[in-house]
1. Which condition number in (1) under 19 Å from the mean Cα position of the chain (by Cα); (2) surrounded by 14 or more Cβ atoms within 10 Å (Cβ to Cβ); (3) at pLDDT 95 or above is the one that residue 41 fails?
2. Collect the residues in segment 34-54 that are touching a helix residue (DSSP H, G or I) at 6+ places or on another chain (Cβ under 7 Å) and assigned to a loop (DSSP other than H, G, I, E, B), keeping them in residue-number order.
3. Does residue 57 qualify as being part of a helix (DSSP H, G or I), modelled with pLDDT of 95 or more and surrounded by 13 or more Cβ atoms within 10 Å (Cβ to Cβ)?
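The values are calculated or read from the model by the stated rules, or taken from the named source; none is laboratory data. All figures in this text were calculated on a predicted structure; none of them were measured in a lab. Cβ sites come from the backbone with ideal geometry, for glycine too, and all protein chains shown count toward neighbours.
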């Protein structure tokens, strides 16, 4: 078991990287939904109270989005590192597609 953890540590120390393009694509729908909710919150604020009528809701939305974004990026990096640890290495694109079917 110690050997397994040692190998896992080595794999995790490798330079597993998050693809910026894949991360953006994965977050795109979430981003668009969050920005839509921000616009709705601002539009729902009463006249004369645009800031104080929307800033709490917008702040909450952005905090939630920031958390989801960070968690997603971290998980993608963990997944990449674990793929490097896999005895067979990372599957190529066709193998990934076959695994999903």
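1. With (1) under 19 Å from the mean Cα position of the chain (by Cα); (2) surrounded by 14 or more Cβ atoms within 10 Å (Cβ to Cβ); (3) at pLDDT 95 or above applied to residue 41, the lone miss is (1).
2. 50, 54
3. Numbers: part of a helix (DSSP H, G or I): yes; modelled with pLDDT of 95 or more: yes; surrounded by 13 or more Cβ atoms within 10 Å (Cβ to Cβ): yes.
For residue 57, the condition - part of a helix (DSSP H, G or I), modelled with pLDDT of 95 or more and surrounded by 13 or more Cβ atoms within 10 Å (Cβ to Cβ) - is met.
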